[in-house]
Amino acid sequence: YVNIDLTPAIKQDSTYSQKLLSYLKKGALMLFDLGYLSNSFLSGIIKKEAYFLCRYRYSIPPLYILNEITKQFEKLDVASFLKKHSKEPFEIEVFIKDPDTFEFKAIRMIFFPLPQQQASLKRMKAKKRSKHAGQTPNKKSLALCDWVIFLTNVSEDVLDAKAVALIYRIRWQIELTF
């Protein structure tokens, strides 16, 4: 089934997320942009036994990793984490915390490095947005400009990392038509 709702451009995506969850069917895949990204929205999708694919935005939602030694969940500082990795595609298991049950739900975080020219352009745009908002860009968010990062709860055997990037690129092309 397909549902299309047109809303005013000034309406924030996050205010529409609960309505989207009401449309969601078991097994469906939701592709969405950064405006919808929240723990409650991702948890809602998981509760409906559905799937999501979205880009990651610095600090929203808080993500956790499982410390193998202590068996405790620790907040993941993505920018610091990436300093330890070479500029090659990779993925890790991370966890979101359900805001209602406080349970941790496993999801995939997939990293693709950007070519230096694209990363520089992305950093320049981030600085311009910050300046326009009267703010100074966060160093950690600028460091993330070197990467395209995706979050999904679709298993790797169903959707590998290359397919994730391809599907999201197609989603972006659809958005550009509007």
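Can you say whether Ile110 is within 15 Å of the chain's Cα centre (by Cα), surrounded by 16 or more Cβ atoms within 10 Å (Cβ to Cβ) and in a strand (DSSP E or B), as far as the supplied structure shows?
Values: within 15 Å of the chain's Cα centre (by Cα): yes; surrounded by 16 or more Cβ atoms within 10 Å (Cβ to Cβ): yes; in a strand (DSSP E or B): yes.
So Ile110 passes the test.
Check Ser86, Ser120, Ser80, Ser130 and return the single one that is open to solvent by less than 40 Å² (accessible area, probe 1.4 Å), more than 27 Å from Leu29 (Cβ to Cβ) and not aromatic (Phe, Trp, Tyr).
So the residue among Ser86, Ser120, Ser80, Ser130 that is open to solvent by less than 40 Å² (accessible area, probe 1.4 Å), more than 27 Å from Leu29 (Cβ to Cβ) and not aromatic (Phe, Trp, Tyr) is Ser130.
Restricted to region 136-160, and to residues that are modelled with pLDDT under 90 and of a type in the set (S, T, N, Q), which residue is surrounded by the fewest Cβ atoms within 10 Å (Cβ to Cβ)?
For region 136-160, the residue satisfying everything is Thr136.
How many residues, within region 31-56, are assigned to a loop (DSSP other than H, G, I, E, B) and modelled with pLDDT of 90 or more?
Qualifying residue count for the region: 4.
When Gln117 is evaluated against the numbered criteria (1) in a helix (DSSP H, G or I); (2) touching a Phe, Trp or Tyr at 6+ places or on another chain (Cβ under 9 Å); (3) more than 20 Å from Leu34 (Cβ to Cβ), which criterion, by number, is the only one it fails?
(2)
In region 62-78, what count of residues is obtained for those that are touching a residue at least 12 places away in the same chain (Cβ under 8 Å) and either among the β-branched types (Val, Ile, Thr) or touching a Ser or Thr at 6+ places or on another chain (Cβ under 7 Å) (or both)?
Matching residues across region 62-78 total 2.
The values are calculated or read from the model by the stated rules, or taken from the named source; none is laboratory data. The model shown is predicted, which means the values in this text are computed figures rather than measured ones. Counting neighbours? That spans all protein chains shown, and the Cβs are built from the backbone with ideal geometry, glycine included. In case anyone asks, the SASA skips ligands and DNA or RNA and just uses the protein heavy atoms, side chains included. Shrake-Rupley method; radii C 1.70, N 1.55, O 1.52, S 1.80 Å.
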